[in-house]
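Working notes for the structure below.
The values are calculated or read from the model by the stated rules, or taken from the named source; none is laboratory data. The model shown is predicted, which means the values in this text are computed figures rather than measured ones. Note that we place each Cβ from the backbone using ideal geometry, even for glycine, and neighbour counts take in every protein chain shown.
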Amino acid sequence: MAANTGFYDLYRHGSLGLTLTDALDELIGDESIAPQLAMKVLTQFDRVVAETLQEKVKQRLTFKGSLDTYRFCDEVWTFLIRNVTFKMDGNQGSVVADKVKIVSCSAKRNDDK
């Protein structure tokens with residue numbers, strides 16, 4: 001989780017977040033920006049991605065697969081599912097994956113006031 005931001009840092013681990021982090025690391029290494037500015041950029045990224053997904057994504061889907069592992073730690077559920085089939089609303093077809101990891105966090109953080 002992101003510290004004291006009210007948003008989770010889950011999206012930093014996706015391809016866009018990793019690319020942003022790499023670019024910021026390079027800028028810090030070149031002394032083009034301060035590490036504090038990089039942290040502000042990452043915090044803004046966490047906020048914007050979470051808010052945009054909440055406001056803009058309206059599509060629903062269902063999935064079916066074999067639950068391999070699940071855990072609940074620090075108010076975060078993690079599910080590892082094998083042989084998963086995702087079906088989108090509106091008969092847009094389906095997507096099949098060998099293995100999927102789903103991380104589920106509460107929409108409201110405990111430190112949100």
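Screening Phe63 against (1) surrounded by 11 or more Cβ atoms within 10 Å (Cβ to Cβ); (2) over 20 Å from Lys101 (Cα atoms) leaves a single unmet condition, (2).
Residue-by-condition table, conditions (1) at pLDDT below 90; (2) surrounded by fewer than 11 Cβ atoms within 10 Å (Cβ to Cβ); (3) of a type in the set (Val, Ile, Thr); (4) assigned by TED's automatic domain parsing to the domain that holds Ser15:
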position	(1), (2), (3), (4)
Lys40	no, no, no, yes
Gln44	no, no, no, yes
Tyr70	no, no, no, no
Trp77	no, no, no, no
Val100	no, no, yes, no
Lys113	yes, yes, no, no
